[in-house]
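> Next up is a structure, given as C-alpha cells.
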Amino acid sequence: MTAGLADLPFASMYDGLWEVHTIAKSEHHGQTILRDVSSAFAVSVPTAQFNGQLSLSKTEISLGIDNKMESRYEASGILMGQDKAGNPQPITVLMTADFLNHGESTLSFKVPHDLINKSGLSAPFQVTHLKLNNQSLMAPVQTVESGFQFSIK
C-alpha cells in the first residue's frame, strides 16, 4: 500500500521528528475491524557530501567533503583486504571525526598498518560501507556502499 501526501499548509519537510498516523477500517464476516497505527521517523536534509576527492599517504587516507554547514562530522567505513583465494575479508572499522568549516574540507582515516599486518590479508584493500554523519545534528548525511580501493606501498 502506498499513500501520497498533498502539500501540508505551514509545514516544512526539513529537519525534525515526524509522525505518520493511520486509521484503517475494514469489514470481515459482518464484523467491523478498526486499526490505529502510528510510526515516528526522523527527517534531515543533507548538509555535506563526499566530493570524490581521495588522497593517500603512508599514514592517512583523506576524503574530500563539500560542506554546506559548519558542524562536527564523522566518517566511517569497513576496511577490507583480500584473502589467498581473492575473497574480500574485513580487517577493521575505520572512524574519524572533526569540526568542518563551510566549503571544501577533508576527513582523514589513519591507516592501521599493525592491524593490516596481523590480518594476513593483502591488497587491493577496499573501504566499503562508507558513511558520513553530522554529529552536531545526530543525523546521517550520506552512505556509499561500494566505497573505494587502494594499495599500500
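> Express the C-alpha Rg of segment 8-153 as a ratio against the empirical globular expectation 2.2 N^0.38 Å, rounded to two decimals.
1.50
> Related question: Given 4 °C and 1.567 mPa s, compute D for segment 47-103 with the Stokes-Einstein relation, Rh being the Kirkwood radius over Cα pairs; round to the nearest whole µm²/s.
98 µm²/s
> Residue by residue through segment 53-70, what is 3J(HN,Hα) from phi via Karplus (6.51 cos²θ - 1.76 cosθ + 1.60, θ = phi - 60°)? Round to whole Hz and write x for glycine and proline.
7, 9, 9, 10, 10, 5, 10, 9, 10, 9, 10, x, 10, 9, 10, 9, 9, 4
> Calculated FRET efficiency, GLN135 and ILE23, Cβ-Cβ r, R0 30 Å, to nearest 0.05?
The pair GLN135/ILE23 has a calculated efficiency of 0.20.
> For THR92, what residues show an amide H to amide H distance below 5 Å, using hydrogens built from the backbone and excluding near sequence neighbours?
LEU79
> In percent, what relative contact order does segment 31-153 have, based on Cα pairs under 8 Å that are 6 or more apart in sequence?
Worked out over segment 31-153, it gives 27 percent.
> Over all distinct alpha-carbon pairs, what is the Kirkwood Rh of segment 70-116 in angstrom?
One over the average 1/r among Cα pairs gives 12.5 Å for segment 70-116.
Values quoted throughout were computed directly from the atomic coordinates according to the rules given, and no laboratory measurement underlies them. The structure presented is a predicted model; accordingly, all values stated were derived computationally and were not measured. With ideal geometry, Cβ positions are generated from the backbone for all residues, glycine too; neighbour counts draw on all protein chains shown.
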